[in-house]
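Visitor: Okay, handing you the structure first.
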Amino acid sequence: MEEKKILLVDDEEVFLDQLKDALEHADLDLLIDTAGDGIEALEKMESGHHDIVITDLRMPRMDGYSLLREIQARYPSTYVVVITAFGSISVAVEAMKYGAYDFLEKPFNMDTLELSITKILRQHEILKENIELKGQIQQHTEGLDQLVGSHPRMQRLYDQILTAAETDLTVLILGETGTGKELIARSIHSRSDRKAKPFVVINCAAVPENLLESEFFGHEKGAFSGAISQRIGKFEKAHTGTLFLDEIGDIPLDLQAKILRVIEDHRITRLGSNREIVLDFRVICATNRPIQDMMKKELFREDLYYRISVFPIIVPPLRERKEDISLLTSHFMAKYAAKLNSNVKGLSSQAMEQLLSYSWPGNVREMENIIQHAMVSTRAEMINEFSELGRISMANQPTAGDPPAEDPTIWVDAGEGADYHAIKHTLIEQFERKYFAHLMDKHGGVIAEAARESGLNYKTFYLKVEKYRLTKKRERSL
């Protein structure tokens, strides 16, 4: 039990010395300080924390009751024991009302005081144990508390997270954009033996292709034009911890072979160096791309797929677990009530029906955005409708300088005498061709990024660009 600091407060100097001497000879781990009245006691407490205060009630300048009130207001974790020569039931009740832990009447037996102090010290130890246990629980549940759902597929997902955390296997998380793949990866890491070590993230789709190899493996100064200093790569940063390769399906084929070798050998070589560095890391991967189809089209290496999918986890899209929408709504409202200073307490049956009937192409991430927007926009305590439903996921779609929504030439292209359905079909095809071509050009042919901006899931977007032959083969890095 660690040493505790105790403050003795009494205006009778002889009694104060006797009490201090008795406690110094007691079998207790205490650092003892003294004060002659309440004001001096508060000055002592301002200069350093005291775990326990033993005080008389009747003192000049500031009595024990006033001191009790001040301690309760300023130092609520400090235990106070009251002692007085004018004891009565009413005095004891009054002292307890002001926050005293115990009440002793003078003259008292030192064994009684030691027992009271021992009980306080034990309370301290219990409190410390509870705080440590709470910290362990919070660490154990990090990330998982953000994965909300009681649907059977979510229950299976929770089981998979716990199982994956008990191993060091490579995990592949498959799911549409917005389903919480990074949360799952963080949950696995936070429950694993590596939880106190680094969790390093790299979004493979967000890094320019010519910089990917440097991002992964690092480089030495002068390794290439612009390499003005040494750079530590993501694999090296994840040493002893976990590396999360998000959107691994966007890694070009030639780099996939190098990634495979590093995952198998746990050795990297920085660009511009000949020295191999041996590392210890765990790899978790994720993608929203149809990896099986990509392997058939020779866009993704089969050997890499089998290496990273030792423990596959499939995340269900929100539209396949709509029973969880009510839980998610409550979760996000509670999460943002204070942050947004919102008075919203719930939503109408009409608004809930909107949520249940919507297809949720952006999944849980889109729902979170929708709820936030509604809470900010609504002044009442009830959300009656979601006016922005379906628009938020389109918020980043092309505006100025993008393909026009109307093109007078389409009427000619539809053919003379074309009926309503033919014209409508031509309209849609021409719009889609221009729209998807624009996004593919904007994102340099990276389908995952273009799909994310469109608000469509990867598979839908991929089929569209295939239909209009808009895919471009990336140039290999030199």
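Visitor: How much net charge surrounds D280 when only the other residues with a Cβ under 13 Å from the Cβ of D280 are counted, with Lys and Arg +1 and Asp and Glu -1? Provide the component values of the computation, followed by the final result.
Guide: On the way: positive: R194, K197, K237, R267, R282; negative: D168, D193, E236, D265.
Value of the local net charge: +1.
Visitor: Where in segment 32-68 does the amide nitrogen come within less than 17 Å of the point 7 Å from the Cα of E24, taken along Cα to Cβ?
Guide: Residues 32-36 fall inside that zone.
Visitor: If each residue of separation counts as 0.36 nm, what is the full-extension length gain between A196 and D159 once their alpha-carbon separation is subtracted? Please report the intermediate quantities before stating the final value.
Guide: Working: separation 37, 0.36 × 37 = 13.32 nm, distance 2.19 nm.
Contour length minus Cα-Cα distance gives 11.1 nm.
Visitor: Peptides 215-227, 46-58: what's the order by average Cβ count within 10 Å, highest mean first?
Guide: Details: 215-227: 15.9, 46-58: 18.2.
Top of the packing list down: 46-58, 215-227.
Visitor: For L169, what residues show an amide H to amide H distance below 5 Å, using hydrogens built from the backbone and excluding near sequence neighbours?
Guide: none
Visitor: Report, by chain and number, residues whose modeled amide H sits under 5 Å from the one on T177, excluding near sequence neighbours (fewer than 5 apart, same chain).
Guide: Y458
Visitor: Putting +1 on Lys and Arg Cβ atoms and -1 on Asp and Glu Cβ atoms, find which of I325, P361, A380 reaches farthest to the positive end of the dipole of segment 319-394.
Guide: A380
Visitor: If each of L211 and E12 carries a label point 7 Å out from its Cα toward its Cβ, how far apart are those two points in nm?
Guide: 7.7
Readers should treat all values here as calculations from the given coordinates under stated rules, not as data from a laboratory. Just so we're clear, the structure is a prediction, and the values are computed from it rather than from any experiment. Neighbour counts are summed over all protein chains in view; Cβ atoms, including those assigned to glycine, are modelled from backbone coordinates with ideal geometry.
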